[in-house]
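Trainee: Dumping the structure here so I can ask a few things about it.
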Amino acid sequence: MIAAGGGVIVSTASVLAHTAAPAAAVYSATKAGLLGFTRSAALELAPHGIRVLTVSPGDIDTPSSVAPPSPPDQRAVRTPAAGRRGHPEEIGAVVRFLLSADAGYLTGTDILVDGGFLLS
């Protein structure tokens, strides 16, 4: 990317980088570490025209996603403000935006795509 004069790196973190969940300590820690890496890499690579970002999805409805564990009142399985699970296409749309020139002034940040999960 440096030789090409720039580019964009978008990594996938998780809403769990921002909050705790039962039985997810290692997962949450690695995703939070990715946020720190993103900020540092953004500083190091900005002079080369390279932007570095993360997207943190909430609960996304995919064939491999697991049904929420019981009991339903656990913090990890609270219902997002949107009242539904997200769709993969919604994450893709955000990534597409981040890769575009329209997001040219964004770097070193994390975009939450969680349907308001952290608000509820």
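The values are calculated or read from the model by the stated rules, or taken from the named source; none is laboratory data. Given the structure is predicted, the values throughout are model-derived calculations rather than measurements. With ideal geometry, Cβ positions are generated from the backbone for all residues, glycine too; neighbour counts draw on all protein chains shown.
Trainee: Might you let me know whether the stretch 12-21 holds any residue that is exposed (fewer than 13 other Cβ atoms within 10 Å of the Cβ), at pLDDT 95 or above and assigned to a helix (DSSP H, G or I)?
Mentor: No, that holds for no residue.
Trainee: Looking for something touching a helix residue (DSSP H, G or I) at 6+ places or on another chain (Cβ under 6 Å), in contact (Cβ under 8 Å) with a residue 12 or more places away in the chain and closer than 30 Å to residue 83 by Cβ - is there at least one such residue anywhere in the stretch 36-52?
Mentor: First pass over the stretch 36-52, keeping only residues touching a helix residue (DSSP H, G or I) at 6+ places or on another chain (Cβ under 6 Å): 52.
Add one more test, that the residue is in contact (Cβ under 8 Å) with a residue 12 or more places away in the chain, and what stays is 52.
Subsequent filtering for residues that are closer than 30 Å to residue 83 by Cβ retains none.
For the stretch 36-52, residues touching a helix residue (DSSP H, G or I) at 6+ places or on another chain (Cβ under 6 Å), in contact (Cβ under 8 Å) with a residue 12 or more places away in the chain and closer than 30 Å to residue 83 by Cβ: absent.
Trainee: Follow-up. Suppose the filter is part of a strand (DSSP E or B) and either β-branched (Val, Ile, Thr) or at pLDDT below 95 (or both); does residue 9 pass it?
Mentor: Values: part of a strand (DSSP E or B): yes; either β-branched (Val, Ile, Thr) or at pLDDT below 95 (or both): yes.
Spelling it out, residue 9 is indeed part of a strand (DSSP E or B) and either β-branched (Val, Ile, Thr) or at pLDDT below 95 (or both).
Trainee: For the stretch 68-90, check the following and say yes or no: at least one residue is polar (S, T, N, Q) and at pLDDT 95 or above.
Mentor: Of all residues in the stretch 68-90, those polar (S, T, N, Q) come to 70, 74, 79.
Restricting the remaining residues to those that are at pLDDT 95 or above gives none.
The answer is no; no qualifying residue exists.
Trainee: Further, regarding this structure: Just need a number here: residues in the stretch 33-64 that are among the small types (Gly, Ala, Ser) and part of a helix (DSSP H, G or I). First the steps, then the outcome.
Mentor: Applying the first criterion (among the small types (Gly, Ala, Ser)) to the stretch 33-64 yields 33, 36, 40-42, 46, 49, 56, 58, 64.
This time we only want the ones that are part of a helix (DSSP H, G or I), so: 33, 36, 40-42, 46.
Result for the stretch 33-64: 6.
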